[in-house]
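See below for the structure under consideration.
The values are calculated or read from the model by the stated rules, or taken from the named source; none is laboratory data. Model, not experiment: these values are computed from the prediction. Note: ideal-geometry Cβ built from the backbone for every residue, glycine included; neighbour counts use all protein chains shown.
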Amino acid sequence: MDEQTRQDLLKLFESKLNQAMRLYLETCSRCGVCTQACHVYASMPQAKYIAAYRAEIVRRIYKKYFKKQGELMPSLGESKSLTDMALTELYEAAYSCTGCRRCMVYCPFGIDTQMIMSIAKLLLVGAHAEPEILTMLADTSIAKGESLDIFREGFLASVKNLEAQVVEKWKAEAGETVIPVDKEGADLLYVALAGAHSIIPAAAVFNAAKENWTLSFFEAVNFGAFVGDPSRTKLILNRIVGEALRLKVKEVCICECGTAFRVMKQLSGKQPFKVSSVTEVHARYLREGRIKLDKSRNPEPVTYHDPCQIARNAGIIDEPRYILKHLVQDYRELAPEPIYNWCCGGGGGLVALGEDTLDFRMKSAKVKAEQIKKTGAKTVCTACENCHTQLSDLSAHYQLGTEVKFLTSMVADSLVK
Amino acid sequence: MAEEIKADKSMDLKGLPCPMPVVKISKGIKDVAVGEVVMCETSDPGALADFPAWAKTSGNEILQTVQEGNTVKFYIKRKV
């Protein structure tokens, strides 16, 4: 690595050094409580998968360049130079961490390893050493935001083709638009994923609840966040914020995508609309009596996997359980305390990297597979696309015999007049 | 009706979860030589937006888009 590159990367490092980050980097007492908290270490016990070990790689670079001790006495301060070798270690640390923050809830100091890993990811982006697929996906999302006119008509036609499948789940009233798009003055903007499975059941539930809603042109997922690039994250986020402002909606409802919800909820800033997950909205419809569900359609044992970005990292824990109380006859918890639930093993961009990470994802989530098996559930439902993909892969790999479903799909399939 | 373009490689991307259709085409296009054509079929409503955006950022060219019911066929020429 040449000196100019190193200096450029250190500027990126410095841009992440707010008060909280400095606290995380200076506080670890190496107590080891985080060791068993990581699903990767619990499934594959190797030192490199300990949360504190991952953080230590970043911490030593911090000591070398941002603390007097590392500058004056590098050999005593356990400091580490920022080299190509260090970048390789940062890559392994960052992309073996799913950002689930289970280690954080165990850490007596509340050290946020995911936040420390965001430095590692940013340095990798700065060095053009990040997974190029994630950057490509982020750039594709940004290009969509810049070229709405190019795909507008095709998207509208495509959405129109889904209407019959929505009506199969919930009959439309006379004069009702089954999937409204670009509707100014709608109360709620629903931001889905690219697939029909993310649009059809949600549309049926909105129509059943007589919601004044409209579908976003854009997909919810934020690949800028997966790759740890704040600039790209913001550009992708701004497409949805701009659309919500243009349509003057009161609420932006994010589909079953954990990262999309956390980014929208926590990074969109103060706006004239509120941000909700689709799970929160469905729980609200049930509380207000706007929809009713038929439990008898779900007699088999069901468990619910809390997506880390929605539950542990964004606090949506009670709402899915409220829905499940009305939805299934035999509900079984995965963990006594949902906040300590195991990650599925697919977050942090790992699922988006597809087959390249499949072997690691299966081995590193062995504890998740065992946790599911213990419940005896026939169905695992969840509220995140990444989790759904990963849990389906786990079910096949470990022959769990479980069917993985989206919570929204189960709600839509259990609607009663 | 436009004449169907001859493809050098075909990919069935129907029913894949997000973001696999774009990931698969991004990798799959590297299996053909520059100037050759990949035909891929998807069932994602969002593909009509995703694929042109991907083509724009990756420097490849969508020669033809054919919508048939709930599926869409893209004929993509590798340019880079």
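Values as computed for the structure displayed
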quantity: Filter pass, B:LYS79 being basic (Lys, Arg), surrounded by fewer than 20 Cβ atoms within 10 Å (Cβ to Cβ) and within 11 Å of chain A (Cβ to nearest Cβ); calculated: no
quantity: Hits in segment A:366-402 (condition: closer than 21 Å to A:ASN313 by Cα, within 14 Å of chain B (Cβ to nearest Cβ) and surrounded by fewer than 24 Cβ atoms within 10 Å (Cβ to Cβ)); calculated: A:THR389
quantity: Pair list, Cβ under 7 Å, 6 or more apart: segment A:45-59 residue not assigned by TED's automatic domain parsing to the domain that holds A:PHE360, other residue part of a helix (DSSP H, G or I) and among the β-branched types (Val, Ile, Thr); calculated: A:TYR49/A:VAL40; A:ILE50/A:THR35; A:ALA51/A:THR113; A:ARG54/A:THR113; A:ALA55/A:THR113; A:ALA55/A:ILE116; A:VAL58/A:ILE116; A:VAL58/A:ILE119
quantity: Filter result for A:VAL159 (β-branched (Val, Ile, Thr) and surrounded by fewer than 18 Cβ atoms within 10 Å (Cβ to Cβ)); calculated: no
quantity: Residues (farther than 20 Å from A:SER414 by Cβ and either more than 14 Å from chain B (Cβ to nearest Cβ) or touching a helix residue (DSSP H, G or I) at 6+ places or on another chain (Cβ under 7 Å) (or both)) located in segment A:163-172; calculated: none
quantity: Segment B:7-25, residues that are within 12 Å of chain A (Cβ to nearest Cβ) and out of contact with any Ser or Thr (no Cβ under 7 Å at 6 or more places or on another chain); calculated: B:LEU16, B:CYS18, B:PRO19, B:MET20, B:VAL23, B:LYS24, B:ILE25
quantity: Selected residue (criterion: farthest from the other protein chains (Cβ to nearest Cβ)) from residues of segment B:53-76 that are closer than 24 Å to A:LEU134 by Cβ and over 9 Å from the mean Cα position of the chain (by Cα); calculated: B:GLU61
quantity: Residue, surrounded by the fewest Cβ atoms within 10 Å (Cβ to Cβ), within segment A:130-153, restricted to residues that are more than 7 Å from every other protein chain (Cβ to nearest Cβ) and among the hydroxyl-bearing types (Ser, Thr, Tyr); calculated: A:THR135
quantity: Residue count for segment B:34-50, restricted to those that are hydrophobic (A, V, I, L, M, F, W, C), more than 9 Å from chain A (Cβ to nearest Cβ) and in contact with an Asp or Glu (Cβ under 9 Å, 6 or more places away or on another chain); calculated: 4
quantity: Hits in segment B:31-41 (condition: out of contact with any Gly (no Cβ under 9 Å at 6 or more places or on another chain) and free of Cβ contacts under 8 Å to residues at least 40 places away in the same chain); calculated: B:ASP31, B:MET39, B:GLU41
quantity: Selection count where residues are of a type in the set (Asp, Glu) and not in a strand (DSSP E or B), scope segment B:36-80; calculated: 3
quantity: Matching entry among A:ALA209, A:ALA244, A:ALA220 (being aliphatic (A, V, I, L, M) and closer than 30 Å to A:GLU92 by Cα); calculated: A:ALA220
quantity: Matching residues in segment A:183-198 - criterion: being away from chain B (no Cβ under 14 Å) and within 16 Å of A:LYS210 (Cβ to Cβ); calculated: A:LYS183, A:GLY185, A:ALA186, A:ASP187, A:LEU188
quantity: Candidate set: segment A:216-232, residues that are free of Cβ contacts under 8 Å to residues at least 60 places away in the same chain and over 13 Å from the mean Cα position of the chain (by Cα); chosen: the one farthest from A:VAL205 (Cα to Cα); calculated: A:SER231
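For (1) in contact with a strand residue (DSSP E or B) (Cβ under 7 Å, 6 or more places away or on another chain); (2) of a type outside the set (Gly, Ala, Ser); (3) under 21 Å from A:ASP356 (Cβ atoms), each residue gets a yes or a no:
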| position | (1), (2), (3) |
| --- | --- |
| B:LYS27 | no, yes, yes |
| B:ALA33 | no, no, no |
| B:PRO45 | no, yes, no |
| B:TRP54 | no, yes, yes |
| B:GLU61 | yes, yes, no |
| B:GLN64 | yes, yes, no |
| B:GLY69 | no, no, no |
